[in-house]
1. Out of all the residues in region 142-160, which are more than 12 Å from Y3 (Cα to Cα) and of a type in the set (V, I, T)?
2. Across region 97-109, which residue is modelled with the highest pLDDT among those that are of a type in the set (S, T, N, Q) and open to solvent by less than 60 Å² (accessible area, probe 1.4 Å)?
3. Are any of the residues in region 192-200 over 29 Å from S73 (Cβ atoms), open to solvent by 50 Å² or more (accessible area, probe 1.4 Å) and in contact with a strand residue (DSSP E or B) (Cβ under 7 Å, 6 or more places away or on another chain)?
4. Pairs, please: C-beta under 6 Å, at least 6 apart or cross-chain, first residue closer than 19 Å to R240 by Cα and in region 190-210, second open to solvent by 50 Å² or more (accessible area, probe 1.4 Å) and modelled with pLDDT of 90 or more?
5. Taking the conditions exactly as written (within 24 Å of E141 (Cβ to Cβ) and surrounded by 17 or more Cβ atoms within 10 Å (Cβ to Cβ)), does F56 satisfy them or not?
6. V142 versus (1) part of a helix (DSSP H, G or I); (2) β-branched (V, I, T); (3) within 18 Å of the chain's Cα centre (by Cα): which is the lone unmet condition?
7. Run down V256, V246, V182 and say which single residue is open to solvent by less than 60 Å² (accessible area, probe 1.4 Å) and either touching a Pro at 6+ places or on another chain (Cβ under 8 Å) or within 28 Å of N76 (Cα to Cα) (or both).
8. Does region 156-171 include one or more residues that are farther than 21 Å from F184 by Cα and either over 18 Å from the mean Cα position of the chain (by Cα) or of a type outside the set (K, R) (or both)?
Amino acid sequence: MVYFGPEKLRPLMNEVFSLLEKDKNVLMDFLYKFEDVLDVFHKHLILVTVGSNGIFFLNAGYNPDGKFFFGVSLSNPFLRTPSLYKMEYFNEDFENLYINSFSTRKIPFMTAGILKFPIMTHFLALGGEKSLISKELFSEEVSGKSWLNFSKKVDDKTYDELLALNGKNYYFLKTFLTDDGVYFVGIGEGEHKNLYAEFFSFLRNKYKFQPGKYFPISDMKDKVIGMFKVDLEDLKEKWRYVESFVDDFEKFRGFVKDLGG
């Protein structure tokens, strides 16, 4: 088997392989039930996904040749790639492995069903049978996409950085990690909120950040002074600009506070 991604997640692939192997026949039988109705059958796989919103998703399954597929994805693949055929399936050991691996107290949900490549979410770790993984990586390269291939860019340090950004706070910015990019939402309150919003917009233009205005933030709508987005592929390169953005804003906030006496 091959593996791409942070070394700290490599042992997880072997554990998942052992856990899922006992149910392989059941999963494969479900996949083959729909052989005659699935277009380009060899491009499909039976996939089991477990995860919680705000945390990464653990995925594993088999293609029609019984070749193993493993991945840790940013989003739930079943929400990003349509699936017409889902099955009743639950594996308690798989669920417990997810909970222990990602140190979560949230109750995860498990989904099993048939998906077709490409799976349109960014994979932070990827592994499985070499012939299957190599073929799908090459298909992405030809199409210019980077869903599975994103795992090649994720080492232990990058993984920890992404984990730290997932629904966390970075100074006055609330961060959200999505397949569309990292959203930075500025939070501000008080009598100077409108002034802060204007300066936020000025800095966003100064550092040439994308507005990211369509991210759902209804639960904090009254506190938002602005937001911007950085594409996942550009995050490492542009992180120093995010730091400068925060530094400039905090200086301005200190200036406004001093003026108020």
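The values are calculated or read from the model by the stated rules, or taken from the named source; none is laboratory data. This structure is a prediction, so every number in the text was calculated from the model and none was measured. Every residue, glycine among them, receives a Cβ derived from its backbone with ideal geometry; neighbour counts consider all protein chains shown. The protein model used for the area step is the full one, side chains on, heavy atoms only, and it has no ligands, DNA or RNA in it. Shrake-Rupley method; radii C 1.70, N 1.55, O 1.52, S 1.80 Å.
1. V142, T158
2. Looking at residues that are of a type in the set (S, T, N, Q) and open to solvent by less than 60 Å² (accessible area, probe 1.4 Å), I get S101.
3. yes
4. Y207/Y241
5. When the stated conditions are applied, F56 passes them.
6. (3)
7. Of the residues listed, the single one that is open to solvent by less than 60 Å² (accessible area, probe 1.4 Å) and either touching a Pro at 6+ places or on another chain (Cβ under 8 Å) or within 28 Å of N76 (Cα to Cα) (or both) is V182.
8. So the first thing to find is which residues in region 156-171 are farther than 21 Å from F184 by Cα, and the list is 156.
Those left that are additionally either over 18 Å from the mean Cα position of the chain (by Cα) or of a type outside the set (K, R) (or both): 156.
Yes, there is a match, as at least one residue in region 156-171 is farther than 21 Å from F184 by Cα and either over 18 Å from the mean Cα position of the chain (by Cα) or of a type outside the set (K, R) (or both).
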